[in-house]
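Worksheet for the structure shown next.
The values are calculated or read from the model by the stated rules, or taken from the named source; none is laboratory data. Because the structure is predicted, anything quoted here is derived from the model rather than measured. Note that we place each Cβ from the backbone using ideal geometry, even for glycine, and neighbour counts take in every protein chain shown. SASA here: full protein model, heavy atoms, side chains in, ligands and nucleic acids out. Shrake-Rupley method; radii C 1.70, N 1.55, O 1.52, S 1.80 Å.
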Amino acid sequence: MISLPFRPHPLRLAVLSAWLAVPTLAGAQAAPPASEAEAKSTTLQRIVVTGQTEQEQDGDAYRARASRSATGLDLSLRETPQSVSVLTRSVMDDFKLNSVNDVLAMSPGVIVEKVETDRTYYSARGFDIVNFQVDGIGTPMTYGLVDGDLDTAIYERVEVIRGATGLLASTGNPSATINFVRKRPTAAFQASAGLLLGSWNQKRVDADIASPLNEAGSVRGRVVLAVEDKDSHLDRYHLKKAVFSGIVEADLGDNMLLTAGHVQQANRPKGNNWGALPLWDSAGQPTDYDVSVNTAPAWTYWNADLGQTFVELQHQFANGWNLRGALTHKSISSQGRLFYVYGEPDAVTGAGTKAYPSLYDQDNLQNIVDLRVNGPFELWGRKHELVLGASASRSGLQAVSHYGRGIGTLLPDLATWDGDYPIPVFDAAIDGSSFIDRQQSLYGAVRLRPADAWQVLLGANATWIDSEGVSYGAPRAKSENKVTPYLGVVYDLMPTLSAYGSYAGIFLPQTELRVDRNRLDPARGSNLELGLKAEWLDKKLLGTAALFKSRQDNLASFDRTVDDPNDPNDIPFSAYKGVDTRSHGVELELAGAITPDVKLTAGYTWLEVEDAQGEATRTFIPRQLLRVAGSWQALDALKLGASLSWQSGIYRDDGPVRTRQDAYALLDLMARYEFNKQWSATLNLENVTNQKYLTSLYWSQSYYGAPRSASVSVDWKF
């Protein structure tokens, strides 16, 4: 008898078995499943570091063929021993996914925790996502969340590698790694532009131009620009943002490529919330506000500026080996005039919450260097592949908070409050942070081909982390090091079907504070994944079925609110404790073309998250998740599409109070008409059923998602 790593539901096993049986009925029409990387010629040619794969060449596809994000090796998605989802440019364009939150909210298995209008957490497989990459290079996440409304205009696609990927990300985490692949210069001239008008006075303009910059085509450039201005379903909230990307690449001979670029985004929100609505009243009953209720006065703002400058040099050797070095400088600054609301409203009058105004200023400078070499080698009469690399990063943060007078002032009923509150003098108290985080890593992986049908991936990452300084009175100093292993196996059962398994160690430094205001020690554990991947229809459709099991010991979990005797304003802080946490579940995914006219990306996740005693934990995360998006080329000039996002019910316990969000589904529709090869118009409808829902239960506060909305866009391409 085979012992599965968790207790599966019989119905889920039946569905999984049926799913896995489909490839055997599809025939064996495809070519033998030799590595796509090995099939490529090693003849020297102009190096292209675009991150693009065959799906971009198709021009209209819902799947990618390859990704290096999991291991650094040149693997097709079928050869990668983990679940990988790719949201392509086609999907983003069809459904106007103009923000990172929109893209990840459509990605299979990912939960977008919109705790505030301008701060977001992400999770997958029951745990927070803290590993982010740009073009395969990890970037530090100081507090484990994203500030601002990050725009997607500059990206060709977004990859989500679920499970622990500590090989390249340095800190293994059983949730996922998100890799943003930039748009790069192209060999031929291309240009596009778009104008969008939508609900709540939304206005957006996009432009994208790529071209050779000399007659020989050895120097190429690309410029992307997007500007957006909109109100919101939330009272008093308004957002302006602009994003720019400029990249130039030059061939330094036939086998060397130099790339340099700069990306800049500016967010200018007003009326943004800091914290959100209270979830229960003084009687312990759930609150129920209108979806438009906002806890912020109109004078609040939280400006954020993100800049990234990078230089890359890549050299391709005659023997097929490739050397790549990259240097990135990243600056993140924010200035906010904020207004936090805390306390419980009176069960009868609705009044009684309290004010907490603050001025906030933060600057975070990051420097990242990554050097890696990869290529083929022969051993035992077979060709294999090796990647070796080193990376280092330094992140320095300075932040200061000036607290305003009037902390604790009682507020009227938020349901009818118009945001009227005088701008206070911000001299009641001052606090802040000043710390430096340093990280160095050595990593390596090898893909062995002991037989035609077998691939074995072996790897390890050695990481050293040092921190110094303080964060709001709490010591940040910490020094940790760890070697995390990686093992993957892929076996080709048929020309169109592969079985795989992978194991990875987990090492996750944490910034959360215990009751004694000291940092928690790193979480440690392991991640196991078993699955099958199948390709149909000449590799245009990819299916994945995966079983996963993860363990994290000493994972930060909210403990209680503690009064801080050193706080002159007597404002409590959130204390955390380490909890041994287990997660296991099933994932099913399908991506690609069902017919030449029908494209689809779909995923279903079922999971359980428990503590060491077998009790449910992290209950704010849905145990079931369904994501489906598809398009149909109904006529030569008409494309129709729909997306559905459904999640099961969630809840959180705060002392004796339990807050629930019932299961809900969000339905979006789209229609595009092409007048000719250059001009098209698109209609997008969001939340068609006008579902009312809370954006998150990650914190003990939340706000409501947007009701039904619409947008119309006109697009031009050369």
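Numbers for the structure displayed
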item	result
Solvent-accessible heavy-atom area per residue, rounded to whole Å², over segment 506-567 at 1.4 Å	41
Dipole of segment 344-383 [Lys/Arg +1, Asp/Glu -1 at C-beta], most positive-end residue of Thr353, Val369, Leu379	Leu379
Within the chain: Cβ-based charge dipole about Cα centre, in debye rounded to nearest 20 (Lys, Arg +1; Asp, Glu -1)	1300
Computed magnitude of the charge dipole of segment 61-200 (debye, nearest 20; Cβ of K, R +1, Cβ of D, E -1)	460
Rounded to whole Å, sorted largest first: equivalent-ellipsoid semi-axes of segment 74-171, Cα gyration tensor	20, 18, 13
Reciprocal mean inverse distance between Cα atoms of segment 301-449 - Kirkwood radius, Å	20.2
Rounded FRET efficiency, nearest 0.05, which uses the C-beta distance separating Lys692 from Val562 and R0 of 35 Å	0.55
Rg to Rh, two decimals, where segment 653-716 supplies the alpha carbon set and Rh follows Kirkwood	1.24
Accessible surface of Leu73 - all protein chains present, 1.4 Å probe, nearest 10 Å²	0
Karplus 3J(HN,Hα) series, Hz, for segment 307-321 with 6.51 cos²θ - 1.76 cosθ + 1.60 (x for Gly, Pro)	x, 9, 10, 9, 9, 10, 10, 10, 10, 10, 8, 5, 8, x, 7
Where segment 583-718 is the region considered: accessible area per residue in Å², 1.4 Å probe	46
29 Å Cα-Cα reach of Lys478 towards lysines, excluding residues that sit fewer than 8 places from it in its own chain	Lys330, Lys577
Debye log10 I(q)/I(0) for segment 241-311, one point scatterer per Cα, at q = 0.11, 0.18, 0.22 Å⁻¹	-0.55, -0.83, -0.98
Two-decimal ratio, segment 496-537, of alpha-carbon radius of gyration to 2.2 N^0.38 Å	2.03
Zero-based 10 Å bins, Cα pair distances in segment 110-267, whole percents	10, 30, 31, 23, 6, 0
Sum of -39500 (n - 2.57) over DSSP H runs of 4+, divided by residues of the chain (222 nm, nearest 500)	-1500 deg cm²/dmol
Rounded tilt (10° steps) of 10-25 against the dominant C-alpha axis of the chain	30
Accessible surface of the chain [probe 1.4 Å, protein heavy atoms]: carbon and sulfur percent	58
Segment 205-326: C-alpha pair distances exceeding 23 Å, %	57
Selected from Ser331, Leu195, Ser83, residue furthest toward positive end of dipole (the chain; charges at beta carbon)	Ser83
Separation in nanometres of the label points that stand 7 Å from Cα toward Cβ, at Ser192 and Met256	3.4
Scattering curve values for the chain, log₁₀ I(q)/I(0), Debye with Cα scatterers, q = 0.07 Å⁻¹	-0.48
Evaluated at q = 0.18, 0.21, 0.22, 0.23 Å⁻¹: base-10 log I(q)/I(0), Debye formula over Cα of segment 607-718	-0.94, -1.12, -1.18, -1.24
